[in-house]
Amino acid sequence: MAEPIKKPSCGRAATRDLARSARAHGALMLAGFDTPHEEWMSLVWGSLFDRDHALRLLARRPASAAVALPEVMAAADRFDALAVEAKRRVRRLILRHEQRTWIQAV
């Protein structure tokens, strides 16, 4: 019997899971960047999560990368499985967070 086709997720639960991963490992991956939101956008800008870029970011902190790597790759898989509209929502959330951060800094 053929395996059922997995439908892309468009639910808020998948988006929350991605946000949880970002909070857990974002500081490690983006430490030292003046524009962390731009780095996040570069990871999720295309139709697939940019794993190569994520690996380069993690490689800057090799001692912690081994712990974060499995979760970051799982987050990449979750992003890739999202429906197009859910991917847009993730990008909008990043931009909204950037705006809030900028307003608080002023």
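The values are calculated or read from the model by the stated rules, or taken from the named source; none is laboratory data. Computed from a predicted model, the values in this text were never measured in an experiment. We place every Cβ from the backbone using ideal geometry, glycine too, and count neighbours over all the protein chains shown. SASA here: full protein model, heavy atoms, side chains in, ligands and nucleic acids out. Shrake-Rupley method; radii C 1.70, N 1.55, O 1.52, S 1.80 Å.
Overview of values
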quantity	calculated
Leading residue by the ranking (modelled with the lowest pLDDT) among those in segment 30-57 that are touching a helix residue (DSSP H, G or I) at 6+ places or on another chain (Cβ under 6 Å) and not in a helix (DSSP H, G or I)	F33
Unique residue being among the polar types (S, T, N, Q), out of contact with any His (no Cβ under 8 Å at 6 or more places or on another chain) and open to solvent by less than 70 Å² (accessible area, probe 1.4 Å) when the list is S21, S47	S21
Qualifying position, being touching a residue at least 40 places away in the same chain (Cβ under 8 Å), surrounded by fewer than 16 Cβ atoms within 10 Å (Cβ to Cβ) and either assigned to a helix (DSSP H, G or I) or in contact with a helix residue (DSSP H, G or I) (Cβ under 9 Å, 6 or more places away or on another chain) (or both), among R100, R91	R91
Checking E85 against (1) surrounded by 15 or more Cβ atoms within 10 Å (Cβ to Cβ); (2) in contact (Cβ under 8 Å) with a residue 60 or more places away in the chain; (3) not β-branched (V, I, T), the condition it does not meet	(1)
Failed item, numbered, when A68 is tested on (1) of a type outside the set (D, E, K, R); (2) at pLDDT below 90; (3) open to solvent by 80 Å² or more (accessible area, probe 1.4 Å)	(3)
Unmet criterion (only one of (1) more than 12 Å from the chain's Cα centre (by Cα); (2) at pLDDT below 90) for A86	(2)
Output for segment 36-55, where each listed residue is farther than 19 Å from A86 by Cα and among the aliphatic types (A, V, I, L, M)	A54, L55
